[in-house]
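Note sheet for the following structure.
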Amino acid sequence: MNDVEKINAIIRQAAEKASQETDDEPEPTLVGDLNWPITCELKPGLEGAIACGTKIGYVNGSKGWLIYRGLNIFELAEKSSFEETAYLLLYGNLPTRKELDNFRMKLASHMAIDETVLAVLKRSPTARVRDTHPMTALGLCVLVLGMLDEDAEDTSVENEREIAIKLIAQIATITGMIARLRAGRDPVEPEPTLTHAANLLYMMTGERPSALAERMMDIALILHADHGMNASTFTAMVINSSLANAYATISGAIGSLKGSLHGGANERVLYDIEEIGSVDNVEAWFKKARETKRKVMGFGHRVYKAYDPRARVLGPLAAMMAESDPEIKKIYDIARKLDGIVCAELGVEKKIFPNVDFYSGIVYRALGIDTAMFTPIFAVSRISGWAARSLR
């Protein structure tokens, strides 16, 4: 069995396990068309609030399902690509072969970045790449792109969709630029013949990725592309609702995603694992975390009361990457033991399980990516969901 076959088998097994383990869970009570006004029960933090109806994505927290435009995330992870998934989110249907080819060519045509953006990254006192978080630099660069776009203030649906496609391409390029500058190296120009996932890795590392690395990144981008009314998506929708332009909308969403209780959690997971140090220290570390009421990053979710379907895929993929890399195996073994302890203690009683952030960072580390760049990769993917829900 080659690597691609192994990965597809992992995804199918994850889907089957999810189905078996959550078969008895109840369906949510509010599914289908909404007839306004609606009565709902509110809890602190706007929990239970219904802001809008949507056909873009559906999260079934009880069963651990994630659906994009009616398609299960497991099916998309196995059979789709990030470009096809982004098209699905933006347009509401899977593209034909010609439509997909045209979409890919359009993305490739927008990946080149105006030199002004690089100048800002290199010179601006507020954007010194080595002195600030990459997400701060990314949000600033998106605003700069807006200053350079003479059509930025055109908030028509047609123009904002075009800007969305530009930003799906350009956020990947900017992420690559930031990664290179942080490492003290010159940015790498995008390669139009590569896929979006391969280009991202190429622009970050300067090396063409292996087929395995490309596939791993492609799956990670698919899994992170959309996730209901999360904090950054809600931020984007609120900003855009005032007719602020698309660049302000996406920059605001990036700011929300940066936080450690949202996209930034994937960084914190790796820092926690490094702090634990070895498998032998996991139990004592977790016991102390519980005693001091320290939040264990990468566990629990506002919506999921079952194992996060994205973690069901990313966990085995991390294990696969660990098979040939002793350093990754050490990290994975610590994570796996912590996973088992937390689930045994809190899974049944409190429905606390690993979320998408717990294993994604291990996959990124195995791909040779610096920890500080994990959350920008999240943004490279989630821009498609932000755009589908707000720039329309």
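Of note:
- In the range 1-23, the residues that are acidic (Asp, Glu) form Cβ pairs under 6 Å with partners that are part of a helix (DSSP H, G or I) and at pLDDT 90 or above, at six or more places apart or across chains, as follows: 3/212.
- Just one of (1) closer than 15 Å to residue 103 by Cβ; (2) buried (at least 23 other Cβ atoms within 10 Å of the Cβ) fails for residue 165. It is (2).
- Residue that is surrounded by the most Cβ atoms within 10 Å (Cβ to Cβ) [pool: residues in the range 81-123 that are in a helix (DSSP H, G or I) and of a type in the set (Ser, Thr, Tyr)]: 85
- Single condition residue 202 does not satisfy, out of (1) part of a helix (DSSP H, G or I); (2) touching a residue at least 60 places away in the same chain (Cβ under 8 Å): (2)
- In the range 283-296, the residues that are over 13 Å from residue 341 (Cβ atoms) and in the same structural domain as residue 344 (by TED's automatic domain parsing) never reach a residue that is at pLDDT 95 or above and in a loop (DSSP other than H, G, I, E, B) with C-beta atoms less than 6 angstrom apart, at least six apart or across chains.
The rows are residues; the columns are (1) over 15 Å from the mean Cα position of the chain (by Cα); (2) in contact (Cβ under 8 Å) with a residue 12 or more places away in the chain; (3) within 28 Å of residue 52 (Cα to Cα).
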| residue | (1), (2), (3) |
| --- | --- |
| 307 | yes, yes, yes |
| 348 | yes, no, no |
| 358 | no, yes, no |
| 362 | no, yes, no |
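- Test result for residue 257, crowded, with 22+ Cβ neighbours inside 10 Å and within 30 Å of residue 60 (Cα to Cα): yes
- Residue within the range 270-284 that is part of a strand (DSSP E or B), under 25 Å from residue 366 (Cβ atoms) and out of contact with any Pro (no Cβ under 6 Å at 6 or more places or on another chain) present: no
- Here residue 151 meets the list (1) of a type in the set (D, E, K, R); (2) free of Cβ contacts under 8 Å to residues at least 40 places away in the same chain; (3) under 23 Å from residue 385 (Cα atoms); (4) assigned to a helix (DSSP H, G or I) almost entirely, failing just condition (4).
- Flag for residue 371 being of a type in the set (Val, Ile, Thr), closer than 30 Å to residue 104 by Cα and surrounded by 24 or more Cβ atoms within 10 Å (Cβ to Cβ): no
- Top-ranked residue of the range 302-336 - restricted to ones that are more than 20 Å from residue 364 (Cβ to Cβ) and in contact with an Asp or Glu (Cβ under 8 Å, 6 or more places away or on another chain), ranked as modelled with the highest pLDDT: 307
- Subset tally (residues that are assigned to a helix (DSSP H, G or I) and either of a type in the set (Gly, Ala, Ser) or within 14 Å of residue 298 (Cβ to Cβ) (or both)) for the range 313-354: 20
The values are calculated or read from the model by the stated rules, or taken from the named source; none is laboratory data. All values derive from a computational prediction rather than experimental measurement. No Cβ is skipped: glycine too gets one built from the backbone with ideal geometry, and neighbour counts run over all protein chains shown.
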